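This report concerns only the one structure given below.
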Amino acid sequence: MNKLLCGRVLAVCVGAGVNGVVNADVLADDLGVNDLTHEKTMVASTSGGMQSGGSGTETTAPAPKREASYQAGPLKFTVGGFTELAGIFRSRNQTADVGSSFNGAPMPNNPNYYTSEFRESGRQSRLALLVQGPSDMENQAEAYFETDFLSAGVTSNSNESNSYTLRVRQAYAKWINTKYDFYVLGGQSWSLATMYKSGLTPRQENVPLTIDAQYVPGFNWTRNAEIRVVKDFGSFAAVGLSLENPTNIIKGTAPANVDSGNAGGSLYNSTATYSTDIAPDVVVKAAFDPGYGHYEVYSLTRFFHDRAPSTPGTISTEANQTTVAESIGGGAILPLVPKMLDLQVSGIIGRGNGRYGSGSLADSTYNTNNGAVAALQEQQLMVGLVGHPASSLDLYVYGGMEHQKSAYGYGISDNSGCNVNYADSPTGKCSGVVGTTREITGGFWWKFYKGSLGYLMAGAEGGYLTNASFDDGKGNVGRGNDTIVMASFRYYPFQ
């Protein structure tokens, strides 16, 4: 049975700690990545301790445990979340908040390459709510909501009282059948392609511990609407199928009379372009927990669609065209030193998987022969080490990369000016279309207070990002880089 309910006394370590039980005080459980990973038990101690006093003894009951749960009729509500103040420094000006643009670091032909940026942000502050219904012994149900402020409306700015907007991170319902050991999830959640810490259990996603809200290049994920079915085979294995909301990041110049995307209509952003999609992304995944480590393998199938003339420019040959893109992914988490040091490796290889990487490279371009969508070949990889030298301290280092190949000339043009100072760069001599992005980043989280107020935590991280454009065929490759430093102070009042 998936690990829906965990007591307060025991917890599964976020960075890894897979198959190992650690004290609930371990910091990684409280990073707010998955705020309500475990059910909070509502048990107050009634046992007392004997203390000497005067001529006799008196019984002193310990203070009741802090709980963020309350009962309302048959429903149990558990609140989670944190407030954050983040400080952000980048050696190159991306004009970005706490989520970095990994493919957007400027190259030397751009004045922003010579300008650093500093920001402060409270927008990653998060509020979460878990609502659990009563069990009828064979069935359980819950709803989960999670929000932050990392979105912007067309009028948002930072001038005085900023007007950034609340966004949905997750909002889903989950039905669990304990007799046949499966669950069904519907709503917005992390993609099934995301790495998990154990099984395929929601709110057990193995999200990097970074302050950066865009995580690390090579980390595979989305958060989108989906319908998912997962069958558990005891604690050893789980198999799942997910049908997820599609979006095609299509780049390049569209041939004449090709329709592959349109401005947003009703309830979509009218200033954004939405791809023309006809079927969901399909993820099929198997996860294994044999007793040492956690292992996953999955397939990702996508359907790219447009309407284009099969003879370029000839409207009379116009037809709907669909391209199927397939990728294979997987990963592992290994407790090198149980409860203290964990190694994790994950990645994906295939075609049309750019959307599933934190680097946000393109999924596809255009087949110049017939106007159909051509899926780009791409591979992604992330490696991480997460250490827990003390119950109040987590250390981490991640290295990741995303690399794709050009097709039909996408991204290839004169790059002779990309690496020249912008004052000397020949006009129009740098396409600078990023085909490879890499980063290494490391940091720590320190829970310096735990008590009646909840948790107070501080963290800092530093990373070095490099980008490379496609080769223009003459050996010219545009190269950009960025040093990114972030610090965070968080308060978890509900823990």
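Of the residues Val337, Val283, Val324, Val297, the single one that is within 22 Å of Pro217 (Cα to Cα) and exposed (fewer than 15 other Cβ atoms within 10 Å of the Cβ) is Val297. Among the residues making up region 130-159, those that are hydrophobic (A, V, I, L, M, F, W, C), under 20 Å from Ala171 (Cα atoms) and over 22 Å from the mean Cα position of the chain (by Cα) are Val131, Ala141. If you check Thr483, Thr466, Thr437 for being surrounded by fewer than 16 Cβ atoms within 10 Å (Cβ to Cβ) and of a type in the set (Val, Ile, Thr), only one passes: Thr483.
Could you list, in sequence order, all residues of region 139-190 that are in a loop (DSSP other than H, G, I, E, B), touching a strand residue (DSSP E or B) at 6+ places or on another chain (Cβ under 6 Å) and within 25 Å of Val282 (Cα to Cα)? Selection gives Asp181 alone. The strands (runs of 3 or more DSSP E) located wholly in region 200-318 that include 2 or more residues which are closer than 30 Å to Leu393 by Cα and not β-branched (Val, Ile, Thr) occupy 281-288, 294-309. Whether any residue in region 181-190 is in contact with a Gly (Cβ under 8 Å, 6 or more places away or on another chain) and either farther than 22 Å from Asn103 by Cβ or touching a residue at least 60 places away in the same chain (Cβ under 8 Å) (or both) is what I want to check. Checking region 181-190: at least one residue is in contact with a Gly (Cβ under 8 Å, 6 or more places away or on another chain) and either farther than 22 Å from Asn103 by Cβ or touching a residue at least 60 places away in the same chain (Cβ under 8 Å) (or both).
Which one of these is in contact with a helix residue (DSSP H, G or I) (Cβ under 7 Å, 6 or more places away or on another chain) and touching a residue at least 40 places away in the same chain (Cβ under 8 Å): Ser392, Ser425, Ser431, Ser452?
Answer to the check: Ser392.
Checking Ser416, Ser452 one by one, the residue that is among the small types (Gly, Ala, Ser), farther than 13 Å from Met107 by Cα and surrounded by fewer than 18 Cβ atoms within 10 Å (Cβ to Cβ) is Ser452 and no other. When you look at Leu267, is it surrounded by fewer than 16 Cβ atoms within 10 Å (Cβ to Cβ) and without any contact (Cβ under 8 Å) to a residue 24 or more places away in the chain, yes or no? Taking the combined requirement at face value, the residue satisfies it.
Evaluate the following for Leu361: is it in contact (Cβ under 8 Å) with a residue 60 or more places away in the chain and surrounded by fewer than 18 Cβ atoms within 10 Å (Cβ to Cβ)?
Considered against the rule, which asks whether it is in contact (Cβ under 8 Å) with a residue 60 or more places away in the chain and surrounded by fewer than 18 Cβ atoms within 10 Å (Cβ to Cβ), Leu361 comes out as no.
Residues that are over 29 Å from Val397 (Cβ atoms) and crowded, with 24+ Cβ neighbours inside 10 Å within region 340-358 comprise just one, Gly352. Taken together, His403, His388 contain a single residue that is assigned to a strand (DSSP E or B), in contact with a strand residue (DSSP E or B) (Cβ under 8 Å, 6 or more places away or on another chain), under 18 Å from Gly329 (Cβ atoms) and not small (Gly, Ala, Ser), which is His403. Taking the condition modelled with pLDDT under 95, assigned to a strand (DSSP E or B) and not aliphatic (A, V, I, L, M), does Tyr396 pass? No; evaluated as a whole, the condition is false for this residue.
To keep it simple, each residue is scored yes or no on (1) free of Cβ contacts under 8 Å to residues at least 24 places away in the same chain; (2) more than 30 Å from Val258 (Cα to Cα); (3) aromatic (Phe, Trp, Tyr).
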site	(1), (2), (3)
Asp306	no, no, no
Ser316	yes, no, no
Leu334	no, yes, no
Lys339	no, yes, no
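Inside region 470-494, can you point out the residues that are among the acidic types (Asp, Glu) and in a loop (DSSP other than H, G, I, E, B)? Passing the criteria: Asp471, Asp472. Here Glu326 passes the criteria (1) in a strand (DSSP E or B); (2) under 19 Å from Tyr196 (Cα atoms) except the one numbered (2).
The values are calculated or read from the model by the stated rules, or taken from the named source; none is laboratory data. Everything numeric in this text was worked out from a predicted model, so none of it was measured. Ideal geometry is used to build each Cβ from the backbone, glycine not excepted, and the neighbour counts take in all protein chains shown.
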